[in-house]
Amino acid sequence: MTTTQEELLPGTRRALLHRIALAQAEGRAPSLVAAVVRGSRAVWHGARSMRDEHAPDENVQYRIGSITKTFTAVLVLRLRDEGALDLGDPLEKHLPGTGAGHATIAELLAHTSGLAAETPGPWWERTPGSLRPELTDLLGEQPLRHPAGRRHHYSNPGYALLGALVEQVRGASWEDVLQREVLEPLGLYRTSVRPRDPHAGGWAVHPWADVMLPEPAEDLGRMGPAGQLWSTTGDLARFAVFLAHGHDSVLSAESVREMRTPAAPAEVADLADGATYGLGLQIQHCGGRVLVGHSGSLPGFLANLTLSVEDDVACVVLANCTSGPALSTVGADLLRIVTEAEPRIPAPWRPLREADPSVLEYVGQWYWGTQGFALRLTADGLVSLEPLSGRGRRSRFRQNGDGTWTGLEGYYAGELLRVVRRPDGSVSHLDLGSFVFTRQPYDDSAPLPGGTDPEGWRGIG
């Protein structure tokens, strides 16, 4: 989402409209609205409604349920970036007395704390928050369902605790902190804790009859950080741009990238679905793409935000029904329609403004044992190590300024790549986390661990 592109083609717009029309009709949703983002701006908005004379626009609020969790995660990452806390800190260090203080902040963000999925007592989404005035009311006498850190187990109370953590550290309400530190800087003026006109009403549609029942819109109280917010397709489109690139006054690009990075062990079922969880964001492999975002539901409402950073496309879908259309599927389909009909045009290739001659000495072909690799210097000033066969470990590396490079992803993430020179200054070999890369397979002029047979390479003989 970095380059402005022309509006979507008529055929693409019609395909998008057809997809949401199908979702609204087959899912029997009173209304369904959607938006597509490309080039850091919304390029399409569509709506379908049960009322011929009314089609909600991008400014009509819907309740977004658990997408609220992503906003709460942003607030926690802000505290981390300021040095107010560490993600490895136990909750007890900053918010004592909850009964769940053993869990780390990172575990709460990634739903690996072991806490129960829901609160004890009556269904919190359909009852007033005043029934749960204290944090202990959210957890009950036996808050744990699993050992901390062992598995991903989605926990709504866990995010309520994170909201309380924000309040404790900031000395202000979660609502006020969110407004001041996220909503206003990002220009999300139609996102709020309580509904503001124009907003949709929430409905339950009978599963076996085409009739409806209004759903209550409760104030969730302490559970608010897990699902309270109302928003619009217009605001969530802007939020999607932020989740792709960050914002100087809210959260850096590096920190939002961390949010999009898997942080929870996947269950077997999740592996089959290609799904996992980051820090406040759901992550899914779908159709060869990595999709990140979040779904949301509360009685009367469904919501989904999906983005593909690589394709430069994001989609938002909102509906005002308790169940019906599978919005995560709709969002993925909208994204696929755009990316297949109008694939992203890559930026022109441009060379480095200035190349370090010493780096040019060691780009090219290298061998780890007998496996060939290519080391390339790219226009962004990084070097990339890739197997010549196309299969195997690969990574990009960032220069540290002292002759070493740090791996950025995959097996070599965080590992040091060191260029080792001979006494005369020429390059001898590469040392990557103790692996020796040489210009020739098992080059005996380099200090190979275990050495080489003195008779050298040979046939069967």
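When each pair of different Cα atoms in the chain is counted once in the 1/r mean, what is the Kirkwood radius in angstroms, to one decimal?
Hydrodynamic radius (Kirkwood, Cα pairs) of the chain is 24.6 Å.
Just order 390-401, 439-450 by mean Cβ neighbour count inside 10 Å, highest at the front, would you?
In descending order of packing, they fall as 390-401, 439-450.
Among 201-212, 138-149, 300-311, what's the highest-first ranking by average C-beta atoms within 10 angstrom per residue?
Result, highest mean Cβ count within 10 Å first: 300-311, 138-149, 201-212.
Can you compute 3J(HN,Hα) from phi for each residue in region 32-40, using the Karplus curve 6.51 cos²θ - 1.76 cosθ + 1.60 with θ = phi - 60°, rounded to whole Hz and x for Gly and Pro?
8, 10, 8, 9, 10, 10, 8, x, 6
Working out 0.36 nm times the residue gap between Asp380 and Arg180, then minus their Cα-Cα distance, what length gain in nm do you get to one decimal?
The Asp380-Arg180 span can extend by a further 68.5 nm.
So, in Å, what gap is there between the alpha-carbon centers of region 325-395 and region 110-138?
Each part reduced to its Cα centre gives a spacing of 44 Å.
Which value, to two decimals, describes the C-alpha radius of gyration of region 312-416 once divided by 2.2 N^0.38 Å?
1.59
I'd like the Karplus ³J(HN,Hα) series for region 121-134: coefficients 6.51, -1.76, 1.60, θ = phi - 60°, whole numbers in Hz, and an x wherever there's a Gly or Pro.
Computed from phi, the couplings for region 121-134 are x, x, 3, 5, 6, 10, 10, x, x, 4, 6, 10, x, 10 Hz.
Could you grab the relative contact order for region 363-461? Cα pairs under 8 Å, six or more apart, rounded to a whole percent.
Here the relative contact order equals 19 percent.
Using only DSSP helix segments of four residues or longer, with each worth -39500 (n - 2.57), what per-residue ellipticity at 222 nm results for the chain after dividing by its residue count and rounding to 500?
-7000 deg cm²/dmol
Given contacts defined as C-alpha pairs under 8 Å and at least six residues apart, what's the relative contact order of the chain, whole-number percent?
16
Relative to the longest principal axis of the C-alpha atoms of the chain, give the angle of the C-alpha long axis of helix 156-170, reported between 0 and 90° and rounded to the nearest 10°.
Its long axis makes an angle of about 80 degrees.
For region 357-438, which semi-axes, largest first and in whole Å, follow from the square roots of 5 times the eigenvalues of its Cα gyration tensor?
18, 15, 12
Each value in this text was obtained by applying a stated rule to the coordinates, not by laboratory testing. Just so we're clear, the structure is a prediction, and the values are computed from it rather than from any experiment. As a convention, Cβ positions derive from the backbone with ideal geometry for all residues, glycine included, and neighbour counts pool all protein chains shown.
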